[in-house]
Amino acid sequence: MAGSSRSEKLDIVAQNVRAFPDFPSKGILFRDICPILKEPKALTAVIDLFEEHVRLTHPQVELIVGLDARGFLFGPLLSQRLGIGFALVRKKGKLPGPTVSVAYNLEYGKAEAEIQDDAVKPGQKVLLIDDLLATGGTLYAACELMKKQQADVLGCLVVIELKDLKGAERLKPNSVFSLVQY
């Protein structure tokens, strides 16, 4: 994607987000990132844009922390580009060894997120990454996990932000960087 402008890359990303009305339930307009993954130029554009933002805004970052499961798609690629590590935040019961967990509310129930207790060092500068920010429940839980680990959260990165649901408000004082907003 060398030579493409920031706006051209954002256009490629936006063109590869697909909308599905009434999924997973009536009244929901689901934003699907699967076409981004199928189109190498779109995936490259996502990682290029994240990399550019992180290098300009958070050059001190030491670790990317990805959220289950779609944060796992973008996080390792960004980590590799930046030459830093990647850690997983998963649903409870999916990680081996000692873990730290936090319970949180979803629109349709409760859940728990966890991280291996040695995945993040106290004081380590981290960025959280996921595919989409809606109400902010999962990212908020991940921020709480980082507090328990005494990490320094520099901000959150998402491909898509659903502005009307005000998830970024819930995450304050942590900043949110999104590529596409609806």
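The values are calculated or read from the model by the stated rules, or taken from the named source; none is laboratory data. Because the structure is predicted, anything quoted here is derived from the model rather than measured. Glycine also receives a Cβ, built like all others from the backbone with ideal geometry; neighbour counts cover every protein chain displayed.
Key figures
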{"quantity": "Single condition Pro98 does not satisfy, out of (1) more than 17 Å from Val180 (Cα to Cα); (2) surrounded by 14 or more Cβ atoms within 10 Å (Cβ to Cβ)", "calculated": "(2)"}
{"quantity": "Lone qualifier among Asp32, Asp22, Asp11, Asp48 - being of a type in the set (D, E, K, R), modelled with pLDDT of 95 or more and under 15 Å from Asp130 (Cβ atoms)", "calculated": "Asp32"}
{"quantity": "Residue satisfying all of: in segment 1-23; of a type outside the set (A, V, I, L, M, F, W, C) and either assigned to a loop (DSSP other than H, G, I, E, B) or in contact with a Lys or Arg (Cβ under 7 Å, 6 or more places away or on another chain) (or both); surrounded by the fewest Cβ atoms within 10 Å (Cβ to Cβ) among these", "calculated": "Gly3"}
{"quantity": "The listed residue being over 26 Å from Arg18 (Cα atoms) and of a type outside the set (Val, Ile, Thr), out of Lys41, Lys110", "calculated": "Lys110"}
{"quantity": "Scope segment 24-51; condition assigned to a loop (DSSP other than H, G, I, E, B) and closer than 18 Å to Ala69 by Cα; matching residues", "calculated": "Pro24, Ile33"}
{"quantity": "Those residues of segment 98-146 which are among the acidic types (Asp, Glu) and more than 17 Å from Glu169 (Cα to Cα), in sequence order", "calculated": "Glu112, Glu114, Asp117, Asp118, Asp131"}
{"quantity": "Segment 25-80 - residue that is without any contact (Cβ under 8 Å) to a residue 40 or more places away in the chain and among the acidic types (Asp, Glu) and, of those, farthest from Val158 (Cα to Cα)", "calculated": "Glu39"}
{"quantity": "Flag for Lys121 being in contact with a strand residue (DSSP E or B) (Cβ under 8 Å, 6 or more places away or on another chain), without any contact (Cβ under 8 Å) to a residue 40 or more places away in the chain and of a type outside the set (Ser, Thr, Tyr)", "calculated": "no"}
{"quantity": "Qualifying residue in segment 73-86 (condition: touching a Lys or Arg at 6+ places or on another chain (Cβ under 9 Å), farther than 16 Å from Lys125 by Cβ and buried (at least 19 other Cβ atoms within 10 Å of the Cβ))", "calculated": "no"}
{"quantity": "Residue among Gln60, Gln116, Gln124 that alone is surrounded by fewer than 21 Cβ atoms within 10 Å (Cβ to Cβ), more than 23 Å from Arg31 (Cα to Cα) and touching a Ser or Thr at 6+ places or on another chain (Cβ under 6 Å)", "calculated": "Gln116"}
{"quantity": "Residues being modelled with pLDDT of 95 or more and not in a strand (DSSP E or B) - total across segment 93-121", "calculated": "11"}
